Amino acid sequence: MWANESVFYQIYPLGFCGAPFDNDGVLEHRITKVSDWVDHFNKLGINAIYFSPVFESDTHGYNTRDFSKIDCRLGTNEDFAKVCKDLHEAGIKVVLDGVFNHVGRGFWAFQDVLKNREGSQYKDWFYINFGGNSNYNDGLWYEGWEGHFDLVKLNLNNPQVVDHILECVSKWVSEFDIDGLRLDVAYCLDRNFMKRLRQHCNSVKEDFFLVGEIIHGDYKQIVNDEMLQSCTNYECYKGMYSSFNSMNMFEICHSVKNMFGPQEWCRCRGMELLNFVDNHDVTRVASILTNPEHLPLIYGLLFAIKGIPCIYYGSEWGTKAEKSQGDPALRACFEKPEWNELTDLIAKLCRIRRESKALSYGEISVPVLTNRQCIIERKTPEERVLVAINADSQPYTAHFDAGCGMAQELLSDTVHDFGGGSELKPYSVEVWKMEK
């Protein structure tokens, strides 16, 4: 699967393009801005982009009005098709947000229900009680996602609803040549629907990638041969920043070993989950880390652990924003990309990851682990790579059996000699490709 060897980059298009929060109905060709960043994407070394919602919606994208039409605030279907073509020509895969659990109040079928009530042919597309009422005083009650009445829950047990969604997915493949979907609130989705979606996607495009948003729970319930190939790894997300902020590298390393170790009981054996240090829903990592010296190191950790790394737009140069400031702060518009030492490091990590089968598929172990340091080993029969992190303000010498005398340090392109131990500089990350 191509995704397992990729570095993902997440864009929240409405924010990235500077669109107004409320859908003003005015057509603006903002989405073409993505094509202007292709040189940045290539320099950074990412090779897959996951777009948060791009289809016509009431406000923030997750309250869809029409699955077949690009949001007018972003442009036209033709605009987005050109963007996808530009990305594909640059060797970048395209993954869209599939928001299938709920729609917006402006969704055309729900508008028909509000107008025609019991006479609407779409009344069974939703969970409606005509004897109740909603927060909007509609004279009917309907189920909203987690009590949010601006998000109208779809009835995924209705074959007509499922057929409509699958027809739209087919259209996205034919019109935009998309390579995958990220399923919003996948933990809420009907399991039979996800099985049907997997079968359909397999039939319309080879190697189509399905990744689900999972906040907690048993990942195996939906990441399996019948449903999704991957899901968001929130457990390691929390573990990564918490390990640095509490100076306790045991937290993330024990999670990684328990999830991905070689033992039969490890919860995520064989899975390649989507790993991230921030996204459109959480505080930017540059704001959540209490020590700014740890910012480069957490990216070293992101690329070291098992799974698929994903970078959130703007964070590659250390943008700050806190969840308490509201979603618009997290989903900012940048006039143009920036580049600094952090970006340079991430670009090197992207290149190393793309060129390393061990970092894509290798077994994981932790030969050195203290509160402030860790060395993570990734190994295949053909290759062995170690990522060493020192989160302390003092140098640290790691004494361990490296299994060889020399290694290539890939970030600096220098030779590393294990003969006298391995001294790590304060606040440093090194990537060693071991000699065979």
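Please treat every number below as a calculation from the coordinates, not as lab data. Predicted, not measured: the structure shown is a model, and the values here were computed from it. Cβ atoms come from the backbone with ideal geometry, glycine included; neighbour counts cover every protein chain shown.
Structure summary
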| item | result |
| --- | --- |
| Peptides ranked, highest mean first, by Cβ atoms within 10 Å: ranges 101-107, 322-328, 370-376, 167-173 | 101-107, 370-376, 167-173, 322-328 |
| Helix 234-245 axis, angle to the chain major axis (alpha carbon atoms, nearest 10°) | 50 degrees |
| Unsatisfied cross-links (Cα-Cα over 26 Å) in the set K33/K153; K257/K320; K82/K195; K257/K357; K238/K336; K323/K357 | K33/K153; K257/K320; K82/K195; K238/K336; K323/K357 |
| Residue with peak Gaussian network fluctuation, the chain [Cα springs, cutoff 10 Å], from S365, S120, S287 | S120 |
| Cut-off under 5 Å, modelled amide H: who pairs with K93 long-range | A48, I49 |
| Label zone at M406 (point 7 Å along Cα-to-Cβ), backbone N below 18 Å, the stretch 365-387 | 384-386 |
| Of (i) 23.1; (ii) 24.8; (iii) 21.2, the label for mean projected area of the Cα convex hull in nm² derived from the coordinates | (iii) |
| In Hz, Karplus ³J(HN,Hα) per residue of the stretch 366-378 (6.51, -1.76, 1.60; θ = phi - 60°; x = Gly, Pro) | 10, x, 10, 8, 10, 4, 10, 9, 7, 10, 10, 9, 10 |
| Amide proton proximity set for D278, modelled H, under 5 Å, gap of 5+ | Y312 |
| Label-to-label distance, nm, for residues given as T380 and K425 (7 Å Cα→Cβ offset) | 3.1 nm |
| Computed lengthening from E322 to Q263, 0.36 nm per intervening residue step minus Cα-Cα distance | 17.4 nm |
| Tensor-based shape of the stretch 341-405 (alpha-carbon gyration tensor, a/c under 1.5 rounded, otherwise prolate or oblate) | oblate |
| Dipole magnitude of the chain about its Cα centre (Cβ charges: Lys, Arg +1; Asp, Glu -1), debye to nearest 20 | 480 debye |
| Sites N224 and H399 - FRET efficiency at Förster radius 30 Å, r taken between beta-carbons, to 0.05 | 0.10 |
| Under 16 Å from the H88 label point (7 Å along Cα→beta-carbon), backbone N, the stretch 183-207 | 204-207 |
| Karplus 3J(HN,Hα) series, Hz, for the stretch 80-92 with 6.51 cos²θ - 1.76 cosθ + 1.60 (x for Gly, Pro) | 6, 4, 5, 4, 4, 5, 4, 5, 4, 5, 8, x, 10 |
| Computed over the stretch 363-434, Cα set: Rg, Dmax in Å | 11.4, 36 |
| Most mobile of R73, R117, R65 in a GNM of the chain (Cα contacts under 10 Å) | R117 |
| Mean separation of Cα contacts under 8 Å, 6 or more apart, over the residue count of the stretch 343-436: relative contact order % | 26 percent |
| Virtual paramagnetic centre 7 Å along Cα→Cβ of R351, amide N under 16 Å, in the stretch 268-312 | none |
| Sum of side-chain charges, A347 neighbourhood, beta-carbon under 12 Å (Lys, Arg +1; Asp, Glu -1) | +2 |
| Top positive-direction residue, dipole computed over the chain with Cβ charges, set V34, W125, G91 | W125 |
| Considering only the chain, percent of DSSP beta bridges that pair antiparallel, nearest 5 | 60 percent |
| Cβ-defined net charge surrounding L151, 12 Å radius [Lys, Arg +1; Asp, Glu -1] | -3 |
| Charge-dipole axis of the chain as Lys and Arg at +1 and Asp and Glu at -1 on Cβ define it, positive-most pick from G15, G25, L189 | L189 |
| Residue among F21, F400, F418 with the largest mean-square fluctuation in a Gaussian network model of the chain, springs linking Cα atoms under 10 Å | F400 |
| Counted charge near H216, where neighbours are those whose Cβ lies closer than 15 Å (Asp, Glu -1; Lys, Arg +1) | -2 |
| 222 nm mean residue ellipticity, helices alone, for the chain (DSSP H n ≥ 4; -39,500 (n - 2.57); rounded to 500) | -8500 deg cm²/dmol |
